[in-house]
Each structure stands twice: as C-alpha cells, then as structure tokens.
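Notes to accompany the following structure.
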Amino acid sequence: MCRLSESERWRIIAYLECGRTAAWVADRMGVNIKTVRLWKGRHEQTGGVGVVRSKGRPPAMNVRARKRATDLLVTQECGGARYVAQELLAEKLTDHLVSAATVIRGAKRQSAEDGEPLTCQRGRPRKQLTAANKAQRLAFCLRERRRDWRRVMITDRVRFYHRYPGARVRPSRWVTRKRQGNAVAYRPNKPSCLNVYAGITRYGVTKLHIVTGTTRHTSDYKNLKGEPASNITKAEYTHVVARTLLPEGRRIFSGQGLSSWVLQQDGDPCHRAAKPQVDAWNTTRPGPVELLEGWPGNSPDLSPIENVWGWVDAKVAAMGCKTLDEYKTAVTETFLNIPRSMLRNLFDSIPRRLNLVIQRGGDKCGY
C-alpha cells in the first residue's frame, strides 16, 4: 500500500466526487490505481479515510485453553507440554495440535495475568567444568585439531526413554511462584527405555547394539559383585566392539575405499576393554584401526553424536508410540535413516568445535 498522508487521501476522494475516473486520479496523484480504489472503498464503508489497524492472527490458545494448560502442567496429569497439547486438542480447547512451545508460552502468559507467574523447577544442575577439566579439553583440542575426521567413527551409548502421557523423563516440575518454597523437582519415574550403543561416521551409521539396561532385555552379564548386571559391563562392551563397532566400521569405510580408520570413544571405564579387541582385530585384517584415546571428560559439546541422539529422540517422541516394541522399531528406523547431509554437516563442524574450545581456553564451545 502506498504511504499517503491524510490530506492526500482526501484529495483522492475529492477528485472522485468531482467525477474523475480512478485511472485519471491515479495518474494525477502518482499512485497505483489499486490505491485509489482502496481509499474509495474505505470512504464508502466508513465515511472517512482513516487507517484500519489489523487485529493480527488469532491466538492459537484462548484464555480457557491457557488456564487448562496451566492446570495440567502444574498437576502433571498428562506429563510434559507435548502431552498437554494433545489433551487440549482432545478436549476441543484448541482447533489443532499446538506445539509444546505454544503450550508453555500460553500457560506462562495466563499465569502472569492471573498474578501467579509460572516457573519451571529443574533437578540436578549441569556439571560445571573445573580448571583441570578445561586444561584437559584444551590439550586435547590442540593435539587433535589437524586430524582428518572423515576417517573417524564417533561412538556413544544412550538411553532412549519411551514417552507417554504421565511419563516423567527429566527431573523438572512446573510450579506457580507462590508454591516454589514447598515444591521440588520430581525425580523421573523411570519409564521404559532402550539402552543402546552405536557409531556415526561422515558416510553413514552403524546398526544399534542393544545392551543391558533396556527394559525387558535379558542379560547373562554379571557385575563385579557377581550379581546380574543392571547396566553395561566391560565384558558386554567387548562384545559391542567385536560384534558391532568394528565390523560396521569396516563395512562403512571400505565402501568409501578406506582401509584404515579411527574408533572414538569417551572416558567411560568400561571402554578400557576396547584396546585388546582392536589389537586382536588389527592382527588378522589389513588396514589398521586406530583407537582415539584421551577423550576429555564432560565434553558432550565436542561429540556430534550427541546432536544425533537429540534429533532421534525428538523425532520419535513426536510419533507418539503406544507400546515399547513400537517405540524400539521407531528408534531403530529413525536412527538408520538419518539424512546423510546431516552427518556431513556434523562432521564438518568438529574442527570448528575444537577451534572454539581453544579460543575459549578450554571452556564449552556452545554446540
């Protein structure tokens, strides 16, 4: 719309009332003919030429929906904001499935208007970097910044928790300000989970290796006390390396014409069992596998596989799997179908991560 002063808009009306055509007025005023017709119509409707301000897009949640969202978050009847959104749709308080961010934003707005601001209490704070940890990170980045990461497989273990309405996965709790003194962040109620090892490369991913700690997963491994293990042990990790990481690494890298490659792992104590397996592998196969050692502790920002875990978790959570078997299948298929462009971008980011840590004296790089 052409920006015209009020006097110019009245001149348009005056010309039209004198019998001039819209085309003549447009040419006289140096505006588009649509502008002339706009103000003619506005004058016929309102008797004036004032600017009508748009009310904007209607809100996704009305007051009633926002109040209900606040109640559901505080009472934890449905679990997290994603399931609150599903409940609002089921109760026909919204005309479509809104996002978790919209639910939180609407609940915060309504609680603030009601005089009881809503806040989220969280559980354990993130582990802070110590001076020794920063020094270790800095030394590692200086040593590895020139490495060819195209030949590296990044590995890790993760627990995927099956989310469903009422499931508590993270230690957090929504409370109104008046109740902050009496409410504490709840502990997760340990929903069903999938405990897996896997590796990613610039060219593809390994298959998932399900390990002890997965719900309804039978295990013959024992802990140091001789009792049935409830989590991964060194003995089981040797099988992860021998049966999954090494064969899958050979498959992926040989497909790229690379006979030698590097196996990365973090500082988990059970990972010490990998070296004998790698040494035995190298004695019988051409193209040695190098073990990348000295990975600094408390450094998830350096590992792109952490970004992959977050991406897979969000994708699967949005599917709303109803059973654990359905959830396992969804996690597996989502992981195996990670876009190759995403893997390339993540591995290309590793040198930038290392350089940022160096620039910041060992501090977090922000990835």
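Can you tell me which residue in the range 348-367 is nearest to the chain's Cα centre (by Cα), limited to those that are of a type in the set (K, R) and not in a helix (DSSP H, G or I)? Don't jump to the end; show me each part of the working.
Here is the first cut: in the range 348-367, the residues of a type in the set (K, R) are 352-353, 360, 364.
Cutting the leftovers down to not in a helix (DSSP H, G or I) gives us 360, 364.
On the way: R360: 25, K364: 18 Å.
So the residue we want is K364.
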With respect to the numbered conditions (1) surrounded by 23 or more Cβ atoms within 10 Å (Cβ to Cβ); (2) under 22 Å from the mean Cα position of the chain (by Cα); (3) modelled with pLDDT of 90 or more, which one is the sole condition not fulfilled by L97?
(1)
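Anything in the range 78-94 that is in contact with a helix residue (DSSP H, G or I) (Cβ under 8 Å, 6 or more places away or on another chain) and either outside any helix (DSSP H, G or I) or assigned by TED's automatic domain parsing to the domain that holds E17 (or both)? List them, or say none.
Step one: of the range 78-94, the residues in contact with a helix residue (DSSP H, G or I) (Cβ under 8 Å, 6 or more places away or on another chain) are 78, 80-82, 84-85, 87-88, 91, 93-94.
Matches in the range 78-94: C78, G80, E91, L93, T94.
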Counting only residues that are surrounded by fewer than 14 Cβ atoms within 10 Å (Cβ to Cβ) and either modelled with pLDDT of 90 or more or in a helix (DSSP H, G or I) (or both), the range 38-57 contains a total of 4
Given (1) assigned to a helix (DSSP H, G or I); (2) under 30 Å from Y161 (Cβ atoms); (3) not aliphatic (A, V, I, L, M), index of the condition T35 fails
(2)
Could you say whether any residue in the range 273-291 is without any contact (Cβ under 8 Å) to a residue 40 or more places away in the chain, within 27 Å of C193 (Cα to Cα) and surrounded by 20 or more Cβ atoms within 10 Å (Cβ to Cβ)?
yes
Search the range 341-367 for residues that are touching a residue at least 40 places away in the same chain (Cβ under 8 Å) and pair each with any residue that is among the aromatic types (F, W, Y) when their beta-carbon atoms are under 6 Å apart and the residues are at least 6 apart or on different chains.
F347/W149; I350/W149; R353/Y367
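Return yes when A22 is outside the structural domain of E87 (by TED's automatic domain parsing) and loosely packed, with under 14 Cβ neighbours inside 10 Å and no when it is not.
Values: outside the structural domain of E87 (by TED's automatic domain parsing): yes; loosely packed, with under 14 Cβ neighbours inside 10 Å: no.
It is false that A22 is outside the structural domain of E87 (by TED's automatic domain parsing) and loosely packed, with under 14 Cβ neighbours inside 10 Å.
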So if I check each of R216, R285, R202, which one is more than 18 Å from R157 (Cβ to Cβ) and touching a Phe, Trp or Tyr at 6+ places or on another chain (Cβ under 6 Å)?
R202
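Which residues, taken from the range 280-318, are of a type in the set (D, E, K, R) and assigned to a helix (DSSP H, G or I)? Step through it out loud before you land on a result.
Applying the first criterion (of a type in the set (D, E, K, R)) to the range 280-318 yields 285, 290, 293, 301, 306, 313, 315.
Answer for the range 280-318, where residues must be of a type in the set (D, E, K, R) and assigned to a helix (DSSP H, G or I): D301, E306, D313, K315.
The values are calculated or read from the model by the stated rules, or taken from the named source; none is laboratory data. Keep in mind the model is a prediction, meaning the values are calculated, not measured. Backbone-built Cβ (ideal geometry, glycine too); neighbour counts: all protein chains shown.
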